[in-house]
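Structure first, then comments.
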Amino acid sequence: WQELRDRVKARDSEFLLLDETIPYVPDFHNGMFDVHFDTTLYFTLRQVGQGHLPAEAILDAVDGRAEIGFPPHAAFLLYIENHDETRYVVECGDSAAFAAAGALFTLPGVPMIYGGQEFGQRGRRDTLAWDHAREAFHDHYDRLADLRESVPELGSDGALTRVNYEADTDRAVAFARERDTGSCVCVLNFGDAPATVRVDRPVDTTDLVTGKSRSTGEGLAVDDVAVFRER
């Protein structure tokens, strides 16, 4: 792989080398591949979506990159479904699918969308069913894509930081994304009912995903994904 990298980069320095291993292999980073499928996060998001793990497990999955030897600058491809697997929405339901989409666009990495995922397609390898597209899914993905473009902290330069939080369900998790220019707090809720979350950081209670205030007397009310600018 090192020889292949040298050869293709000599012809085109922007040629992208992407690897997929289960589990991922840190040794494939140095002098070999530019980006790695995050298979660990993939399987964790599946288990969280099915209710087998608490939502906070996704932060452990991201931390696991460094723990097994990847350097801080290593890049990862984030995904929740592909042609080999049952659609996430089929296996985990609508609510978890909305939260998992939020994870793709708020966690460190490059979000991948498998064709049809963005409008709620349920078939794995069939023709894209545009006539049956679900507008709620399509609008959700549009908002998340626009958000990632407009909020620098959510990009590749934004660090993931754990925050102290309390939630009325273990299906919800909160974390921060930070850069020198500022920080924001992200909340994901994989449950069917809205989650009430309290964080230990002062935030503007207007959700950057929807433009609506999420403030309640008990904390922040989050349906699936919300992002708040830290004051």
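Of the conditions (1) among the β-branched types (Val, Ile, Thr); (2) surrounded by 16 or more Cβ atoms within 10 Å (Cβ to Cβ); (3) more than 22 Å from HIS52 (Cα to Cα), THR196 clears all except one; give me its number. Unmet for THR196, out of (1) among the β-branched types (Val, Ile, Thr); (2) surrounded by 16 or more Cβ atoms within 10 Å (Cβ to Cβ); (3) more than 22 Å from HIS52 (Cα to Cα): (3).
Among the residues of the range 43-51, is there at least one that is assigned to a loop (DSSP other than H, G, I, E, B), more than 24 Å from PRO152 (Cα to Cα) and either out of contact with any helix residue (DSSP H, G or I) (no Cβ under 8 Å at 6 or more places or on another chain) or open to solvent by less than 40 Å² (accessible area, probe 1.4 Å) (or both)?
So in the range 43-51, the residues assigned to a loop (DSSP other than H, G, I, E, B) come out as 50-51.
The next check asks that each one be more than 24 Å from PRO152 (Cα to Cα); those that pass are 50-51.
Keeping just the survivors that are either out of contact with any helix residue (DSSP H, G or I) (no Cβ under 8 Å at 6 or more places or on another chain) or open to solvent by less than 40 Å² (accessible area, probe 1.4 Å) (or both) gives 51.
Yes, some residue in the range 43-51 is assigned to a loop (DSSP other than H, G, I, E, B), more than 24 Å from PRO152 (Cα to Cα) and either out of contact with any helix residue (DSSP H, G or I) (no Cβ under 8 Å at 6 or more places or on another chain) or open to solvent by less than 40 Å² (accessible area, probe 1.4 Å) (or both).
Quick check: is even one residue across the range 61-76 within 13 Å of the chain's Cα centre (by Cα), part of a helix (DSSP H, G or I) and more than 30 Å from GLU135 (Cα to Cα)? Yes; the residues of the range 61-76 include at least one that is within 13 Å of the chain's Cα centre (by Cα), part of a helix (DSSP H, G or I) and more than 30 Å from GLU135 (Cα to Cα). ILE22 passes every criterion in (1) in a loop (DSSP other than H, G, I, E, B); (2) among the aliphatic types (A, V, I, L, M); (3) within 18 Å of HIS73 (Cα to Cα) apart from (3).
The numbered conditions (1) touching a helix residue (DSSP H, G or I) at 6+ places or on another chain (Cβ under 9 Å); (2) open to solvent by less than 50 Å² (accessible area, probe 1.4 Å); (3) assigned to a loop (DSSP other than H, G, I, E, B) are all true for ARG177 except (3).
Taking first residues from the range 38-66 that are without any contact (Cβ under 8 Å) to a residue 24 or more places away in the chain and among the β-branched types (Val, Ile, Thr) and partners that are part of a helix (DSSP H, G or I) and open to solvent by 10 Å² or more (accessible area, probe 1.4 Å), the Cβ contacts under 6 Å between residues at least 6 apart in sequence or on separate chains come to THR44/ALA57.
Is one or more of the residues making up the range 112-123 open to solvent by less than 20 Å² (accessible area, probe 1.4 Å) and β-branched (Val, Ile, Thr)? Within the range 112-123, not a single residue is open to solvent by less than 20 Å² (accessible area, probe 1.4 Å) and β-branched (Val, Ile, Thr). Taking the numbered list (1) at pLDDT 95 or above; (2) open to solvent by 20 Å² or more (accessible area, probe 1.4 Å); (3) farther than 19 Å from SER156 by Cα in turn, ASP60 passes all entries but (3).
Taking into account only those residues within the range 27-42 that are in a helix (DSSP H, G or I) and farther than 19 Å from MET112 by Cα, which is least open to solvent (accessible area, probe 1.4 Å)?
Going residue by residue through the range 27-42, those that are in a helix (DSSP H, G or I) are 27-28, 39-42.
Now drop any that are not farther than 19 Å from MET112 by Cα, which leaves 27-28.
On the way: ASP27: 115, PHE28: 59 Å².
Looking at residues that are in a helix (DSSP H, G or I) and farther than 19 Å from MET112 by Cα, I get PHE28.
Considering only residues in the range 206-216 that are open to solvent by 40 Å² or more (accessible area, probe 1.4 Å) and in a loop (DSSP other than H, G, I, E, B), the one that is nearest to ALA176 (Cα to Cα) turns out to be LEU208. Considering only residues in the range 217-231 that are among the small types (Gly, Ala, Ser) and part of a loop (DSSP other than H, G, I, E, B), the one that is modelled with the lowest pLDDT turns out to be GLY217.
State yes or no: is GLY191 part of a loop (DSSP other than H, G, I, E, B), in contact with a helix residue (DSSP H, G or I) (Cβ under 9 Å, 6 or more places away or on another chain) and either surrounded by 14 or more Cβ atoms within 10 Å (Cβ to Cβ) or modelled with pLDDT of 95 or more (or both)?
Working: part of a loop (DSSP other than H, G, I, E, B): yes; in contact with a helix residue (DSSP H, G or I) (Cβ under 9 Å, 6 or more places away or on another chain): yes; either surrounded by 14 or more Cβ atoms within 10 Å (Cβ to Cβ) or modelled with pLDDT of 95 or more (or both): yes.
It is true that GLY191 is part of a loop (DSSP other than H, G, I, E, B), in contact with a helix residue (DSSP H, G or I) (Cβ under 9 Å, 6 or more places away or on another chain) and either surrounded by 14 or more Cβ atoms within 10 Å (Cβ to Cβ) or modelled with pLDDT of 95 or more (or both).
PHE105 meets each of the listed conditions (1) aromatic (Phe, Trp, Tyr); (2) open to solvent by less than 60 Å² (accessible area, probe 1.4 Å); (3) without any contact (Cβ under 8 Å) to a residue 24 or more places away in the chain apart from (3). Within the range 217-231, which residues are over 21 Å from LEU59 (Cβ atoms) and open to solvent by 60 Å² or more (accessible area, probe 1.4 Å)? Once the filter is applied, which keeps residues that are over 21 Å from LEU59 (Cβ atoms) and open to solvent by 60 Å² or more (accessible area, probe 1.4 Å), the range 217-231 yields GLY217, GLU218, ARG231.
The values are calculated or read from the model by the stated rules, or taken from the named source; none is laboratory data. Note that the coordinates shown come from a computational prediction; the quantities given were computed from them, not determined experimentally. We place every Cβ from the backbone using ideal geometry, glycine too, and count neighbours over all the protein chains shown. Please note that ligands, DNA and RNA were not included when accessible areas were found on the heavy atoms of the full protein model with its side chains. Shrake-Rupley method; radii C 1.70, N 1.55, O 1.52, S 1.80 Å.
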